[in-house]
Amino acid sequence: MMHDHQAHGHHRHDGVDCDAALSQLFDFLDGELDDSLESRLRSHVERCKPCFERADFEKRFLEAVHAARVTETCPKALRERVLATLRAEGLGA
């Protein structure tokens, strides 16, 4: 059950309060947390309306950025010129 809390930042589930949940939100969304912390953050976000709304917004934002990303490649001739210049300066591979 999700709860709306006026004292945002003081709500605690599984040892995680709102401030801690939000400070690790992007690591959580990127799947970069260990299983235990991820589980505790998920529990908090599922039960806390303000944190759920923030996590949902950020997740949708990241999905939109990813969907809008355009993959462009450098023209081969330009790439070769840059690499040749780097090699001439002793900086390239």
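So, in segment 14-47, how many residues would count as being part of a loop (DSSP other than H, G, I, E, B) and either among the aromatic types (Phe, Trp, Tyr) or free of Cβ contacts under 8 Å to residues at least 24 places away in the same chain (or both)?
As a first pass, look at segment 14-47 and keep what is part of a loop (DSSP other than H, G, I, E, B): 14-15, 24, 30-34.
Imposing the further condition that a residue be either among the aromatic types (Phe, Trp, Tyr) or free of Cβ contacts under 8 Å to residues at least 24 places away in the same chain (or both) reduces the set to 24, 30-34.
Selection size over segment 14-47: 6.
Assuming Arg42 fulfils every condition listed in (1) surrounded by fewer than 11 Cβ atoms within 10 Å (Cβ to Cβ); (2) within 30 Å of Cys18 (Cα to Cα) apart from one, which condition is it?
Exception for Arg42: condition (1).
Given (1) modelled with pLDDT of 90 or more; (2) surrounded by fewer than 17 Cβ atoms within 10 Å (Cβ to Cβ), identify the lone condition not met by Leu22.
In the conditions (1) modelled with pLDDT of 90 or more; (2) surrounded by fewer than 17 Cβ atoms within 10 Å (Cβ to Cβ), Leu22 misses (2) alone.
Go through segment 75-93 and count every residue that is outside any helix (DSSP H, G or I) and surrounded by 10 or more Cβ atoms within 10 Å (Cβ to Cβ).
Initially, segment 75-93 is screened for residues outside any helix (DSSP H, G or I), giving 75, 89-93.
Filter again for surrounded by 10 or more Cβ atoms within 10 Å (Cβ to Cβ), leaving 92.
Number of matching residues: 1.
Is it true that some residue in segment 62-74 is more than 16 Å from His11 (Cβ to Cβ) and surrounded by 11 or more Cβ atoms within 10 Å (Cβ to Cβ)? It would help to see each step written out before you state the result.
Step one: filter segment 62-74 for residues more than 16 Å from His11 (Cβ to Cβ), giving 62-74.
If we keep only those that are surrounded by 11 or more Cβ atoms within 10 Å (Cβ to Cβ) as well, we get 62-63.
Yes: one or more hits.
The values are calculated or read from the model by the stated rules, or taken from the named source; none is laboratory data. Because the structure is a prediction, the values reported are computed rather than measured. Cβ atoms come from the backbone with ideal geometry, glycine included; neighbour counts cover every protein chain shown.
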